[in-house]
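Asker: Take a look at this one; I'll ask things after.
The values are calculated or read from the model by the stated rules, or taken from the named source; none is laboratory data. All of these numbers come straight from a predicted model, not from anything done at the bench. Neighbour counts run over all protein chains shown; Cβ positions are idealised from the backbone, glycine included.
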Amino acid sequence: MQAYVVNRDKVTAQVIDDEAVILHADTSEYFGLNQSATWLWMRMDTPRTAAELIAAIAARYRHAAADVGQDVEDFLSRLTQATLIVPVEGAASPAEPGDAPDESHPRDGYEPPQLVKFGHLETLILSGE
Amino acid sequence: MKPDRARRIARELQLGRSQQMDVRFHGESMRPLLRDGDRVIVESVSWEQIRVGDLVTYRFEDKFPTRRVVRKRADSLLLFCDNWPELRWNVAREDVLGRATARERDGVRLGREDAEWSAAAARGLAIFHWSRARHAVRRLRALLRWP
C-alpha cells in the first residue's frame, strides 16, 4: 500500500500558531499551510497512507470520511507535485501515542487543507544598512 | 499567515538549514572589508565561538544585517559598522544567525585565516575605541564648558 512521508532531504518546516511554513532547499520555494493542512503535515513525519490521513482528519473535525476524502487527496497531490512529500511503498507505520484520532477533543471549523505557494527566495542579501 | 511573516520564517529556515551559506552583501557600511556585491560565506556557529572582532549576521525584522562585534555580554552583542563608527546596535543572542567567515570579490577569496581579514578586524575595533574616546572627550568638554 502506498504511503506518504515528508521529503526530509529536501524540505524544512516551522510551525507557528498551528500553521506551517515550508522551504524547499532545491528550488528555494516557500509555502504555507493552513491549520488542517499543518496537522496532516505533522502526521507525515512517518509514512501515512491517504486512507489513514482521511480517517484521522475526519475524526478530528467530526466529519464523514467521504466528505473530506477528496480534499485530502487533492492536498496530497499538490504536496507530491511540489516534492514536499514523497510516496513510499509498504505498510504504514504502526500507530503511535498521539497519532490516534483525538475524538475526545474534536475540532470545529473544518477548512480543507490548503497548500499556498508564497514565492521563491532569491539569493540571500546581507544588508549592513 | 501573512506573506511577509511567511517570508521571514522561510529566511530563517534557509539560514538554519545549512551550516554554511553563500550570500551577497549589499551596502557600504562595512567598507573596506565588505563592499556592495561581494559574495560572503556565513557559517552557523555556537554562541561560545563568537569573539569580539567577528562579523556576525543577525535577524532584524525582515532583514539580515552583518556587523562587527565590539562587545560580548552574557546574552547580547554590541555591534557596529566599520564605515559608520558613530552608530551602535545591541543584538540579543537569539537573533544572531551566524558568523561571516570569508568573502569573494572578483574571483579572489579572503577568509578569516588571512592577514587582511584580521587587519580589518583590528582596524574596525581601533575605530570603535577611538570613536568612543572622542565621544567621551566631547562629553567631558561639554561638562566642563571647554571650547
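Asker: Please tell me if B:VAL70 is more than 14 Å from chain A (Cβ to nearest Cβ) and closer than 22 Å to B:ARG138 by Cβ. Give the steps one after another, and end with the answer.
Answerer: On the way: more than 14 Å from chain A (Cβ to nearest Cβ): yes; closer than 22 Å to B:ARG138 by Cβ: yes.
So B:VAL70 passes the test.
Asker: Condition test on B:ARG7, is it within 9 Å of chain A (Cβ to nearest Cβ), out of contact with any helix residue (DSSP H, G or I) (no Cβ under 7 Å at 6 or more places or on another chain) and assigned to a strand (DSSP E or B)?
Answerer: Working: within 9 Å of chain A (Cβ to nearest Cβ): yes; out of contact with any helix residue (DSSP H, G or I) (no Cβ under 7 Å at 6 or more places or on another chain): yes; assigned to a strand (DSSP E or B): no.
It is false that B:ARG7 is within 9 Å of chain A (Cβ to nearest Cβ), out of contact with any helix residue (DSSP H, G or I) (no Cβ under 7 Å at 6 or more places or on another chain) and assigned to a strand (DSSP E or B).
Asker: I need a count of the residues in the stretch A:11-61 that are under 20 Å from A:PRO87 (Cβ atoms), part of a loop (DSSP other than H, G, I, E, B) and not β-branched (Val, Ile, Thr).
Answerer: 5
Asker: Limited to the stretch B:53-79, what total is found for residues that are over 14 Å from B:ARG112 (Cβ atoms) and either outside any strand (DSSP E or B) or of a type in the set (Asp, Glu) (or both)?
Answerer: Result for the stretch B:53-79: 8.
Asker: Report, by residue number, each residue of the stretch A:1-11 that is within 16 Å of B:ALA10 (Cα to Cα) and surrounded by 18 or more Cβ atoms within 10 Å (Cβ to Cβ).
Answerer: Passing the criteria: only A:VAL11.
Asker: Filter the stretch B:97-121 for residues that are within 15 Å of B:GLY53 (Cα to Cα) and either modelled with pLDDT under 90 or not in a helix (DSSP H, G or I) (or both) and give the result.
Answerer: Filtering the stretch B:97-121 down to residues within 15 Å of B:GLY53 (Cα to Cα) leaves B:98-102, B:111-121.
Within the stretch B:97-121, B:GLY98, B:ARG99, B:ALA100, B:THR101, B:ALA102, B:GLY111, B:ARG112, B:GLU113, B:ASP114 meet the criteria.
Asker: Would you mention how many residues in the stretch B:1-37 are at pLDDT below 85, surrounded by 15 or more Cβ atoms within 10 Å (Cβ to Cβ) and more than 24 Å from A:ASP9 (Cβ to Cβ)?
Answerer: Residues in the stretch B:1-37 being at pLDDT below 85, surrounded by 15 or more Cβ atoms within 10 Å (Cβ to Cβ) and more than 24 Å from A:ASP9 (Cβ to Cβ): 4 in total.
Asker: Another question about this same structure. What are the residues in the stretch A:8-44 that are more than 8 Å from chain B (Cβ to nearest Cβ), free of Cβ contacts under 8 Å to residues at least 60 places away in the same chain and touching a Ser or Thr at 6+ places or on another chain (Cβ under 9 Å), if any?
Answerer: Result: A:VAL15, A:ASP18, A:ALA20, A:ASP26.
Asker: Could we say that A:ALA37 is closer than 20 Å to B:ARG5 by Cα and either small (Gly, Ala, Ser) or within 11 Å of the chain's Cα centre (by Cα) (or both) here?
Answerer: Criteria met by A:ALA37.
Asker: Filter the stretch B:47-67 down to the residues that are more than 10 Å from the chain's Cα centre (by Cα) and over 19 Å from B:GLY27 (Cα atoms), then identify the one that is nearest to the other protein chains (Cβ to nearest Cβ).
Answerer: B:ILE50
Asker: Sticking with this one: Could you check A:TYR30 against (1) of a type in the set (Ser, Thr, Tyr); (2) surrounded by fewer than 18 Cβ atoms within 10 Å (Cβ to Cβ); (3) in contact with a Gly (Cβ under 7 Å, 6 or more places away or on another chain) and say which number it fails?
Answerer: That leaves (2) as the condition not met.
Asker: Kindly establish whether B:VAL40 is surrounded by 15 or more Cβ atoms within 10 Å (Cβ to Cβ), more than 9 Å from chain A (Cβ to nearest Cβ) and either part of a strand (DSSP E or B) or of a type in the set (Phe, Trp, Tyr) (or both). Steps first, please.
Answerer: Details: surrounded by 15 or more Cβ atoms within 10 Å (Cβ to Cβ): yes; more than 9 Å from chain A (Cβ to nearest Cβ): no; either part of a strand (DSSP E or B) or of a type in the set (Phe, Trp, Tyr) (or both): yes.
Against the criterion (surrounded by 15 or more Cβ atoms within 10 Å (Cβ to Cβ), more than 9 Å from chain A (Cβ to nearest Cβ) and either part of a strand (DSSP E or B) or of a type in the set (Phe, Trp, Tyr) (or both)), B:VAL40 does not qualify.
Asker: Here's another thing I want to ask about it. Considering the stretch B:92-126 alone, what residues qualify as being of a type in the set (A, V, I, L, M), more than 23 Å from B:TRP47 (Cα to Cα) and touching a Lys or Arg at 6+ places or on another chain (Cβ under 8 Å)?
Answerer: B:LEU110
Table: residues versus (1) among the β-branched types (Val, Ile, Thr); (2) at pLDDT 95 or above; (3) in contact with a strand residue (DSSP E or B) (Cβ under 7 Å, 6 or more places away or on another chain).
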| site | (1), (2), (3) |
| --- | --- |
| B:ARG39 | no, no, yes |
| B:TRP47 | no, no, no |
| B:ASP54 | no, yes, yes |
| B:TYR58 | no, no, yes |
